[in-house]
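What follows is calculated from the coordinates using simple rules that are stated; it is not laboratory data. What you are looking at is a predicted structure, and each value in this text was computed from that prediction instead of being measured. Using ideal geometry, Cβ is built from the backbone for each residue, glycine included, and neighbour counts are taken over all protein chains shown.
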Amino acid sequence: MTLCEWCGLHPATEKHHCLIGRDKNNPELDDPHNIGDVCRKCHSQWIGTGGRLVKESWWKIKCEQYGEADMQEWYSGLSLKVKERYW
C-alpha cells in the first residue's frame, strides 16, 4: 500500500499533477516527476487549491524522492511554454 505523498497518513488513491493546464495530455506533464500519489482528502482539501505554497511543498517532496539535481534537470528540460504557466 502506498501512502499519500502529501500527508503520509492515508492510502494514496489518486494521482495529482502539480503542473497542469489546458493541455492535460501533454507528455511533459505526465512525467513521474510531476505526478504525486495522494489521498482523496489531501487532493480535494489542500492540493487542489493550487497556489505557490502547494507548488513549493510539492517541489520539496519530489526533491526528497528523486534528488534535487534530478528535479532541476527535469524542470530544465520542460518547454518554456509549460514553465511560463506555473512559476
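Model label points for H10 and E56, set 7 angstrom from Cα along the Cα-to-Cβ axis, are 2.5 nm apart. Residue exposure proxy: K62, K55, K15, ordered by other Cβ atoms within 10 angstrom of their Cβ from fewest to most, comes out as K15, K55, K62.
Residues E73, E5, ranked from the fewest to the most other C-beta atoms within 10 Å, line up as E73, E5.
Annotation: the residues L29, L3, sorted from fewest to most other C-beta atoms within 10 Å of their own C-beta, follow the order L3, L29.
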